[in-house]
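Asks: For reference, the structure I am asking about is given below.
The values are calculated or read from the model by the stated rules, or taken from the named source; none is laboratory data. Computed from a prediction, not measured in an experiment: that's the story for all the values here. Reconstructed Cβ throughout: ideal geometry from the backbone, glycine too, with neighbour counts over all protein chains shown. The accessibility values were calculated without ligands, DNA or RNA, using every heavy atom of the protein model including side chains. Shrake-Rupley method; radii C 1.70, N 1.55, O 1.52, S 1.80 Å.
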Amino acid sequence: MRSRIHIMGASGSGTSTLAYALADRLPHRSLDTDNYFWAHKYTEQTPVPERLERIKRDLSGPEPWILSGAVCGWGDELRSWFDLVIFLWISPELRMNRLRAREYERYGNDILPGRSRHEAHREFLEWAALYDTADKQVRSRKLHEGWMAQLNCPILRLEGDLTTEERVEAVLGRLSHDN
């Protein structure tokens with residue numbers, strides 16, 4: 001069984017959701033790159049050397065793991081650590097709707113115009129909307145495709161509006177096929 005799985009995709013594509021669902025079905029623990037990237041969630045980044053030291057320490061143990069999120073750029077040296085990479089993609093419209101709902105769930109009316117989180121909310125959505133059209137300077141599909149082209153492990157692409165269970169079944173099918 002592949003014991004070192006990385007799930008990547010755009011913000012709002014479901015990487016964390018799939019990681020948690022798989023960890024419920026597999027003997028893997030779930031780790032999220034946001035917990036390494038951010039010193040204070042969504043406001044202050046952890047310095048790269050510190051986040052690399054922490055993530056390497058957590059990934060070095062003998063137990064199997066699933067890492068969700070993005071490590072492109074800051075975690076390029078981790079490419080060889082993965083046994084399987086899962087790439088998620090959904091339509092920009094669906095993804096942006098999910099992000100708007102998630103932001104409202106997190107921050108409520110504070111994201112509305114004139115409120116305390118409105119500007120941060122607006123900037124986040126503008127950044128997230130670039131994923132399918134931007135070049136490699138930001139977290140984009142082009143960046144992810146280029147990063148995956150450098151991998152030496154299998155890549156499972158799950159594209160489209162699949163339920164979490166459909167994604168879990170696709171991954172489990174791939175894992176059983178690999179054995």
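Asks: If a residue has to be closer than 18 Å to Arg139 by Cα and surrounded by 14 or more Cβ atoms within 10 Å (Cβ to Cβ) to count, how many in segment 1-44 make the cut? First the steps, then the outcome.
Replies: Here is the first cut: in segment 1-44, the residues closer than 18 Å to Arg139 by Cα are 6-16, 32-38, 41-44.
When the remaining residues are screened for being surrounded by 14 or more Cβ atoms within 10 Å (Cβ to Cβ), the result is 6-16, 32-38.
Qualifying residue count, segment 1-44: 18.
Asks: Looking at the structure I just gave you, is Leu84 modelled with pLDDT of 95 or more, out of contact with any Asp or Glu (no Cβ under 9 Å at 6 or more places or on another chain), closer than 25 Å to Asn35 by Cβ and among the hydrophobic types (A, V, I, L, M, F, W, C)? Before the answer, list the steps.
Replies: Working: modelled with pLDDT of 95 or more: yes; out of contact with any Asp or Glu (no Cβ under 9 Å at 6 or more places or on another chain): no; closer than 25 Å to Asn35 by Cβ: yes; among the hydrophobic types (A, V, I, L, M, F, W, C): yes.
Considered against the rule, which asks whether it is modelled with pLDDT of 95 or more, out of contact with any Asp or Glu (no Cβ under 9 Å at 6 or more places or on another chain), closer than 25 Å to Asn35 by Cβ and among the hydrophobic types (A, V, I, L, M, F, W, C), Leu84 comes out as no.
Asks: If a residue counts only when it is over 17 Å from the mean Cα position of the chain (by Cα) and free of Cβ contacts under 8 Å to residues at least 12 places away in the same chain, which helices (runs of 4 or more DSSP H) contained entirely in segment 1-117 have at least 2 such residues? Step through it out loud before you land on a result.
Replies: Details: elements: 15-25, 34-37, 48-59, 92-107.
Hits in segment 1-117: 48-59, 92-107.
Asks: Continuing with this model, one more query. Select, from Arg106, Arg141, Arg98, the only residue that is under 18 Å from Ala70 (Cβ atoms) and open to solvent by 70 Å² or more (accessible area, probe 1.4 Å). Even if it seems obvious, please write down each step before you answer.
Replies: Numbers: Arg106 fails: under 18 Å from Ala70 (Cβ atoms); Arg141 fails: open to solvent by 70 Å² or more (accessible area, probe 1.4 Å).
None of the others qualify; the one that does is Arg98.
Asks: Give the residue that is surrounded by the fewest Cβ atoms within 10 Å (Cβ to Cβ), with candidates limited to residues of segment 144-179 that are in a helix (DSSP H, G or I) and of a type in the set (Val, Ile, Thr). Steps first, please.
Replies: Just the residues of segment 144-179 that are in a helix (DSSP H, G or I), to begin with: 144-148, 164-178.
Cutting the leftovers down to of a type in the set (Val, Ile, Thr) gives us 164, 168, 171.
Numbers: Thr164: 13, Val168: 18, Val171: 23.
Selected residue: Thr164.
Asks: Another question, if that's okay. In segment 163-176, what count of residues is obtained for those that are touching a residue at least 60 places away in the same chain (Cβ under 8 Å), more than 16 Å from the chain's Cα centre (by Cα) and closer than 16 Å to Ser16 by Cα? Break it down stepwise before answering.
Replies: If we filter segment 163-176 for residues that are touching a residue at least 60 places away in the same chain (Cβ under 8 Å), which is where we start, we get 164-165, 167-168, 171-172, 174-175.
Those still in the list that are more than 16 Å from the chain's Cα centre (by Cα) too: 165, 172, 174-175.
Those left that are additionally closer than 16 Å to Ser16 by Cα: 165.
Final tally of qualifying residues: 1.
Asks: Among the residues that make up segment 1-16, is at least one of them of a type outside the set (S, T, N, Q), modelled with pLDDT under 95 and under 23 Å from Arg174 (Cβ atoms)? Spell out the reasoning first.
Replies: Filtering segment 1-16 down to residues of a type outside the set (S, T, N, Q) leaves 1-2, 4-10, 12, 14.
Going one step further and asking which of them are modelled with pLDDT under 95, we end up with 1-2.
Filter once more, so that each one left must be under 23 Å from Arg174 (Cβ atoms): 1-2.
Yes - at least one qualifying residue is present in segment 1-16.
Asks: Additional query: With respect to Tyr131, determine if the residue is farther than 24 Å from Val48 by Cβ and either open to solvent by less than 70 Å² (accessible area, probe 1.4 Å) or of a type in the set (Phe, Trp, Tyr) (or both).
Replies: Numbers: farther than 24 Å from Val48 by Cβ: no; either open to solvent by less than 70 Å² (accessible area, probe 1.4 Å) or of a type in the set (Phe, Trp, Tyr) (or both): yes.
No: the conditions fail for Tyr131.
Asks: Looking at the structure I just gave you, is Val85 buried (at least 20 other Cβ atoms within 10 Å of the Cβ), in contact with a Cys (Cβ under 8 Å, 6 or more places away or on another chain), of a type in the set (A, V, I, L, M, F, W, C) and under 26 Å from Thr133 (Cα atoms)? Talk me through it step by step, then tell me what you get.
Replies: Working: buried (at least 20 other Cβ atoms within 10 Å of the Cβ): yes; in contact with a Cys (Cβ under 8 Å, 6 or more places away or on another chain): yes; of a type in the set (A, V, I, L, M, F, W, C): yes; under 26 Å from Thr133 (Cα atoms): yes.
In short, yes.
Asks: Please work out which one of (1) of a type outside the set (Lys, Arg); (2) modelled with pLDDT under 95; (3) open to solvent by 30 Å² or more (accessible area, probe 1.4 Å) is the condition Ala70 fails and give its number.
Replies: Ala70 satisfies every listed condition except (3).
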